[in-house]
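The values are calculated or read from the model by the stated rules, or taken from the named source; none is laboratory data. Predicted, not measured: the structure shown is a model, and the values here were computed from it. Because the Cβ atoms are built from the backbone with ideal geometry, glycine has one as well, and the counts that use them run over all protein chains shown.
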Amino acid sequence: MQQKGWQLVFKKSATLFFVLLSCWQVCSASATDKWNTEKSTHFIVFYKEAKEDFIRQLLNYAESYYDKIAENLGLRRYDFWLWDNRAKIYIYNDSKDYIESTHQPVWSAGYAQVGEKTIYSYPYAKGFFETVLPHEMGHIIFRETVGLTNPAVPLWLEEGVAIYQENSALRQAGWQLKQALRENKFISFKALSTAAPSLMKDDAEVSLFYLESLSLVDYLIKEFGRESFLIFCQRLKELKDFRKALSTTYPFADTQSLGEAWEKYLLQQ
Ligand SMILES: [Zn+2]
């Protein structure tokens, strides 16, 4: 009886083991079948049914932005996305597949998980190559420089650096900012420092937040150079104190004097 019981248990366990093994084989096969991969020096693209042409185009764009963003921010000497440290880009089949799988809003063309160094999108998403890809890569590269969870980074600096990477953003910013200044809609530096676009109800105000953030980053880089911007980012990482990083890199004793100098600079443009 005892033996029979053991045999039964063994039989049941063996069956269960076989079922689990089969499932594991099927599941792992489908997990690897699901995503094809294509690699370049700094990126691995995971895709399902996207055309090869698109994947090649994507890798070309991503590689060119990798160099350009590093150069834009003065980070050329760093080369940190190699081999196992490559950034990942997941390309879903289409908008529906992307939205259902990632739970992003329907208008989303792509997004990044900065800590994971991973970007998600689908083939030919609107504005992806020109804006979303460089913007999200900008976020990732910037956070690697100033520290992933550094609380001393104000939102305007975070978004300003990311939007600074978009091809046409800077060209459009000049006249729009002048118009905002003329029409008295300009968000003061003080208000910008604590602003959160997710809480803004007015679309025009949100876009002004991004433009002004971009303009501030552009001002720091144009007036004081990339080398200083890099030093500023490194101090921000070490000190975790925005005012200290600012005052030890730039001729501004505090954030208020940065704001005044920037607003004065804008009026002179
Ligand atoms: Zn952003």
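Of the residues making up the stretch 122-141, those that are within 15 Å of the ligand (Cβ to nearest atom) and in contact with a helix residue (DSSP H, G or I) (Cβ under 8 Å, 6 or more places away or on another chain) are Thr131, Leu133, Pro134, His135, Glu136, Met137, Gly138, His139, Ile141.
The conditions of being closer than 28 Å to Leu211 by Cα, among the basic types (Lys, Arg) and part of a loop (DSSP other than H, G, I, E, B) are met by Lys126.
Filtering the stretch 139-165 to residues that are among the aromatic types (Phe, Trp, Tyr) and more than 18 Å from Leu239 (Cβ to Cβ) leaves Trp156, Tyr164.
Being assigned to a loop (DSSP other than H, G, I, E, B) and in contact with a Gly (Cβ under 9 Å, 6 or more places away or on another chain) narrows it down to one of Glu166, Glu136, so name that one.
The conditions single out Glu166.
Would you mind telling me which numbered condition in (1) assigned to a helix (DSSP H, G or I); (2) modelled with pLDDT under 90 Lys201 fails? So Lys201 meets the others, but not (1). Has the stretch 155-165 got at least one residue that is more than 23 Å from the chain's Cα centre (by Cα) and touching a residue at least 12 places away in the same chain (Cβ under 8 Å)? For the stretch 155-165, residues more than 23 Å from the chain's Cα centre (by Cα) and touching a residue at least 12 places away in the same chain (Cβ under 8 Å): absent. Listed by first and then second residue, the pairs with beta-carbon distance under 6 Å, at least 6 apart or on different chains, first residue in the stretch 119-148 and free of Cβ contacts under 8 Å to residues at least 24 places away in the same chain, second part of a loop (DSSP other than H, G, I, E, B), are Lys126/Ala109; Gly127/Ala109; Phe128/Ala109; Val132/Ala109. Restrict the check to the stretch 229-244 and report whether at least one residue is of a type outside the set (A, V, I, L, M, F, W, C), in contact (Cβ under 8 Å) with a residue 24 or more places away in the chain, in a helix (DSSP H, G or I) and within 23 Å of Glu71 (Cβ to Cβ). The answer is yes, given that some residue of the stretch 229-244 is of a type outside the set (A, V, I, L, M, F, W, C), in contact (Cβ under 8 Å) with a residue 24 or more places away in the chain, in a helix (DSSP H, G or I) and within 23 Å of Glu71 (Cβ to Cβ). Taken together, the residues in the stretch 174-198 that are among the small types (Gly, Ala, Ser), assigned to a helix (DSSP H, G or I) and at pLDDT 90 or above amount to 3. Taking the conditions (1) in a helix (DSSP H, G or I); (2) in contact with a Pro (Cβ under 7 Å, 6 or more places away or on another chain) in turn, Asp53 satisfies each one other than (2).
Here's the yes/no breakdown for (1) surrounded by 13 or more Cβ atoms within 10 Å (Cβ to Cβ); (2) within 30 Å of Asp218 (Cα to Cα); (3) at pLDDT below 90:
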site: Leu59; (1), (2), (3): yes, yes, no
site: Lys68; (1), (2), (3): yes, yes, no
site: Phe80; (1), (2), (3): yes, yes, yes
site: Tyr92; (1), (2), (3): yes, no, no
site: Lys96; (1), (2), (3): no, no, no
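For the stretch 142-163, a tally of residues being part of a helix (DSSP H, G or I) and either surrounded by fewer than 20 Cβ atoms within 10 Å (Cβ to Cβ) or within 13 Å of the ligand (Cβ to nearest atom) (or both) returns 12.
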